[in-house]
Amino acid sequence: MDIREEFLKFFESKNHDRIASAPLVPDDATLLFNNAGMVPFKSIFTGEIPIPHNPRATSCQTCIRAGGKHNDLENVGHTARHHTFFEMLGNFSFGNYFKEEAIDYAWEFITEVLKFPIEKLWVTVHESDDEAENLWLKHVKKERIMRLGDADNFWQMGDTGPCGPCSEIFFDQGAEAFSGSEDYMGGEGDRFLEIWNLVFMQYERSADGTLTPLPKPSIDTGMGLERVVAISEGVTSNYSSSLFMPIINHVEELIGKEYIYATGASFRVIADHIRTALFLLAQGVNFSNEGRGYVLRRILRRGVRHGYLLGFNEPFMYKLVDDVVAIMGKEYDYLAQKAEIVKEQIELEEARFFKTIASGIELFNEELKNTKDIFSGEVAFKLYDTFGFPLDLTEDMLKEKNLGLDSAKFEKLMLEQRTRAKAAWKGSGDDAVHGDFKQLLEKFGENSFIGYEHTEHSVEVLALLDENYHHVEKLPAGSKGWVLLDITPFYAESGGQCGDSGELEYLAKVLDTKKFFGLNMSQIAVTKEINVGDVVEAIVDIRRNEITKHHSATHLLHAALFDVLGDHISQAGSLVEADRLRFDFSHPKAVTNDELAAIETRVNYEVSRGLRAKTEVMNIEDAKKSGAKAQFGEKYGDEVRVVSFANTSVEFCGGVHVENTANIGSFIITKESGVSAGVRRIEAVCGHAAYQHFAEQRMLIKHVQSEVKNLDVLAGISRLKSNVKELKEELLEAQHSVKVEIKANIINGVAVIVDELTTGDIKEKIDELKNQHETLCVMLFQVKGDKVMLAAGVKNSDAKAGDWIKNIAPILGGGGGGRPDFAQAGGKDVTKLEEAKVEALKYITEILG
């Protein structure tokens with residue numbers, strides 16, 4: 001049985017609209033990822049936008065809980081039911097049906113479609129919810145209904161807003177496999193497994209905690225697909241189901257070890273994390289050191305670390321991508337489309353991390369030299385935090401050496417890190433926008449964009465919002481706010497293209513244009529009082545011409561990348577402005593200079609051909625069949641706009657473009673760089689910006705000609721390089737002719753040197769001194785301008801150069817470090833040089849004494 005499909009079909013039969021899973025990256029600025037089925041409907045539940053025409057919906061929403069408030073990462077693999085990525089089945093009523101229908105539908109689906117035995121089902125309700133209990137009594141015996149308090153059976157979206165009691169359905173997995181002290185109904189064990197949560201949104205909670213009944217209560221339900229599949233297949237762990245076992249079996253095959261459930265946490269972590277990594281990468285999230293990309297990197301690396309525990313020493317997770325595609329590709333067809341490039345991205349990231357693991361082992365072995373019985377909790381934390389070693393990996397390595405671990409110190413540092421992370425997490429980093437949009441939508445509906453045909457038009461001011469998005473009847477001169485026009489020629493920021501600017505003639509400057517819940521609104525700086533009902537001429541800024549050039553050039557660039565680099569290219573982001581464009585795309589390595597030249601030549605060739613732009617509004621399925629390129633994450637309706645330039649470029653696009661590619665002028669690539677593993681970025685200019693770039697380069701060449709005193713700049717630079725080489729050789733000869741004799745003191749049989757070197761390289765001098773002495777501790781200082789350089793070297797001695805430097809550098813207002821045999825640092829306070837020399841000698845004397 002395809003449970004996902006059966007669920008959606010069941011609720012369609014109950015007059016629910018089937019809603020496709022929203023992207024994992026939500027529109028909600030307070031969230032890193034979509035973490036529940038109701039997230040895409042949050043604005044409806046909170047009343048920010050009107051209830052849709054059909055107030056009933058059903059969906060199977062892909063979710064991730066691996067960051068922010070909802071974070072299951074550390075539990076994954078160690079329990080039967082936790083995942084970073086999961087699918088949430090749900091049915092929703094927006095002020096339509098309520099408790100009775102929600103309960104009846106849930107019972108019908110579980111008992112008649114899934115055919116779960118009635119004697120295995122239990123229900124909980126809120127301790128105050130008599131209504132829900134009475135409704136359940138139609139289906140369940142009273143002794144199988146439990147009343148629980150707020151902690152278990154009351155749901156709220158936040159400190160304020162919609163909330164209400166909930167009712168949960170549990171499945172008894174049987175005492176045969178579960179006999180722990182918590183394996184009772186209401187306990188923390190896994191015997192009684194929660195499978196479906198029905199939330200009855202019937203109150204509005206105010207800031208003072210008061211609960212006010214909602215005039216139109218709503219329903220939000222959530223059922224974890226993985227749990228239901230496991231029960232249907234007669235297994236007691238999600239990981240033992242058909243959603244995971246093919247992946248686990250492949251890991252067994254790759255490593256040559258048998259998977260045993262009791263000791264197989266690492267297999268389960270890998271199976272879970274490859275699903276998460278594939279979905280995020282396929283949806284355009286890339287590895288990075290911040291935000292969502294950092295969570296993705298942590299998840300993949302956690303999988304690799306557990307692979308290392310199993311014995312993997314080279315990339316392996318990328319080999320599991322096809323297993324996930326085979327399991328889930330039918331429902332999510334973009335997985336197969338992106339599989340090959342995702343494999344490349346994962347393999348690259350794995351290879352980088354395996355090198356990091358090697359560095360971690362080096363640190364571990366270094367600390368072993370200082371360990372007698374108990375390994376440092378601080379170093380174990382550094383291995384975890386910096387090198388990504390899970391604690392169990394460190395513990396396993398210590399067991400082989402019969403050593404213990406300072407677990408208390410490790411836990412203390414972990415707690416501090418979690419506290420810092422919690423305080424620092426601010427959601428997606430975008431500004432959350434709340435305002436009076438619902439009443440505008442209810443009163444006016446979505447306004448029309450006429451900017452494809454017009455850059456000037458007479459318009460009426462339908463509504464005004466102040467800077468806090470609250471409705472006002474007028475905005476005075478000198479103020480800022482937002483305007484809703486009946487029709488608008490101003491393009492709202494979307495699809496990488498920036499929003500239009502311009503003016504409302506004689507009344508206001510248009511600074512930017514954005515979309516809020518489908519409303520195309522312009523931000524304005526008012527020059528003369530503006531009122532609701534004013535009729536005014538809306539004029540788009542002439543910069544729009546340059547924006548269209550850069551947007552059309554982006555399409556030609558995308559096509560050229562396919563031709564030059566290959567059809568694995570996939571758009572990973574873009575920015576289109578009046579004076580530049582930026583295009584991110586999947587590609588496993590840096591684009592060579594020859595390839596960049598070919599790409600630039602190809603785009604300029606298409607520009608010179610004078611291709612006319614053609615736009616068509618098509619049924620989305622017809623558009624896909626035509627081969628038009630679409631970008632994942634963009635919201636497309638049943639009909640889409642397709643922009644083409646002959647057969648060279650055909651793409652889904654709602655943006656504005658030139659009428660003919662000849663209007664673009666020239667196209668110049670200004671930079672190529674890496675964004676993350678497997679993702680490259682090209683920056684370019686065209687039109688007037690290309691002319692400016694050319695003019696700046698011409699002036700630069702003239703300046704260089706003047707500086708090198710040669711019209712042939714390469715010849716001039718070559719002559720300068722030759723002069724520099726000769727001067728370096730002369731300087732080296734001069735330094736060698738002035739031999740600085742440095743005397744050593746002997747302390748307990750070790751040659752000790754603390755001195756200042758006025759000329760030469762202090763590192764080379766330390767190497768020279770090491771060759772002259774069998775045992776040595778040396779620290780040399782050198783003044784360079786207003787700074788002091790210092791370096792230390794140790795040979796055949798218990799002293800550590802790194803520790804020595806760390807103790808002396810702060811005297812000079814600096815810092816540094818290094819290995820036990822060599823370390824270096826820099827300081828800012830030259831006046832403390834003599835004091836530093838005295839303290840350096842004193843420190844090493846005490847160490848050697």
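At a glance:
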item	result
Output for the stretch 93-114, where each listed residue is touching a strand residue (DSSP E or B) at 6+ places or on another chain (Cβ under 9 Å) and farther than 13 Å from PHE7 by Cα	SER93, PHE94, GLY95, ASN96, TYR97, PHE98, LYS99, GLU101, ALA102, ILE103
Single unsatisfied condition, GLN772 versus (1) surrounded by fewer than 19 Cβ atoms within 10 Å (Cβ to Cβ); (2) in contact with an Asp or Glu (Cβ under 9 Å, 6 or more places away or on another chain)	(2)
Test: residue in the stretch 186-205 that is open to solvent by less than 30 Å² (accessible area, probe 1.4 Å), in a loop (DSSP other than H, G, I, E, B) and of a type outside the set (Ser, Thr, Tyr)	yes
Cβ pairs under 7 Å, 6+ apart, first in the stretch 489-509 and basic (Lys, Arg), second assigned to a strand (DSSP E or B)	LYS509/GLU503; LYS509/ILE524; LYS509/ALA525
Unique match (being more than 21 Å from ALA646 (Cα to Cα) and among the hydrophobic types (A, V, I, L, M, F, W, C)) among LEU557, LEU561, LEU581	LEU581
Members of the stretch 126-165 that are under 26 Å from GLY47 (Cα atoms) and open to solvent by less than 50 Å² (accessible area, probe 1.4 Å)	HIS126, ASP129, ALA132, ASN153, PHE154, MET157, GLY158, GLY161, PRO162, CYS163, GLY164, PRO165
Subset of the stretch 535-550 (residues that are closer than 25 Å to GLU446 by Cα and buried (at least 18 other Cβ atoms within 10 Å of the Cβ))	VAL536, ALA538, VAL540, ARG544, ILE547, THR548
Enumeration of residues in the stretch 324-352 that are surrounded by 21 or more Cβ atoms within 10 Å (Cβ to Cβ), among the charged types (D, E, K, R) and touching a residue at least 40 places away in the same chain (Cβ under 8 Å)	LYS338, GLU349, GLU350
Subset tally (residues that are open to solvent by 50 Å² or more (accessible area, probe 1.4 Å) and over 21 Å from VAL679 (Cβ atoms)) for the stretch 551-588	1
Condition broken by GLY818, with the remaining ones in (1) open to solvent by less than 50 Å² (accessible area, probe 1.4 Å); (2) modelled with pLDDT under 90; (3) not basic (Lys, Arg) satisfied	(1)
Residues of the stretch 474-497 satisfying the condition of being touching a strand residue (DSSP E or B) at 6+ places or on another chain (Cβ under 7 Å), open to solvent by 30 Å² or more (accessible area, probe 1.4 Å) and assigned to a loop (DSSP other than H, G, I, E, B)	PRO476, ALA477, GLY478, ASP486, GLU493
Top-ranked residue of the stretch 401-428 - restricted to ones that are at pLDDT below 70 and open to solvent by 50 Å² or more (accessible area, probe 1.4 Å), ranked as farthest from LYS372 (Cα to Cα)	LYS426
The stretch 659-680, residues that are open to solvent by less than 50 Å² (accessible area, probe 1.4 Å) and of a type in the set (Asp, Glu)	GLU672
Pair list, Cβ under 6 Å, 6 or more apart: the stretch 601-627 residue under 29 Å from ILE668 (Cβ atoms) and free of Cβ contacts under 8 Å to residues at least 60 places away in the same chain, other residue of a type in the set (Gly, Ala, Ser) and in a strand (DSSP E or B)	LYS614/SER644
Selected residue [closer than 30 Å to LYS728 by Cα and among the hydroxyl-bearing types (Ser, Thr, Tyr)] from THR758, THR845, THR775	THR758
Flag for ILE274 being of a type outside the set (Ser, Thr, Tyr), touching a Gly at 6+ places or on another chain (Cβ under 8 Å), at pLDDT 95 or above and assigned to a helix (DSSP H, G or I)	yes
Set ILE169, ILE145: member being more than 24 Å from PHE86 (Cβ to Cβ) and of a type in the set (Val, Ile, Thr)	ILE145
Count of the stretch 781-798 residues which are open to solvent by 50 Å² or more (accessible area, probe 1.4 Å) and of a type in the set (Gly, Ala, Ser)	1
Of residues in the stretch 681-724 being assigned to a strand (DSSP E or B) and open to solvent by less than 40 Å² (accessible area, probe 1.4 Å), the one farthest from TYR294 (Cα to Cα)	CYS686
Residue among ASN531, ASN520 that alone is touching a residue at least 60 places away in the same chain (Cβ under 8 Å) and surrounded by fewer than 17 Cβ atoms within 10 Å (Cβ to Cβ)	ASN531
Residues of the stretch 78-93 satisfying the condition of being over 17 Å from VAL229 (Cβ atoms) and at pLDDT 95 or above	ASN91, PHE92, SER93
Among residues of the stretch 776-818, those that are among the basic types (Lys, Arg), farther than 20 Å from THR845 by Cα and either in a loop (DSSP other than H, G, I, E, B) or in contact (Cβ under 8 Å) with a residue 24 or more places away in the chain (or both), counted	1
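One line per residue, one yes/no per condition, for (1) at pLDDT 95 or above; (2) within 13 Å of PHE85 (Cα to Cα):
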position: PRO246; (1), (2): yes, no
position: ASN249; (1), (2): yes, no
position: GLU253; (1), (2): yes, no
position: ALA265; (1), (2): no, no
position: PHE287; (1), (2): no, no
position: VAL295; (1), (2): no, yes
position: LEU300; (1), (2): no, yes
position: GLY303; (1), (2): no, no
position: VAL321; (1), (2): yes, no
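The values are calculated or read from the model by the stated rules, or taken from the named source; none is laboratory data. Bear in mind the structure is a predicted one, so any value in this text is a computation, not a measurement. Note that each Cβ is placed from the backbone with ideal geometry, even for glycine, and that neighbours are counted across all protein chains shown. Please note that ligands, DNA and RNA were not included when accessible areas were found on the heavy atoms of the full protein model with its side chains. Shrake-Rupley method; radii C 1.70, N 1.55, O 1.52, S 1.80 Å.
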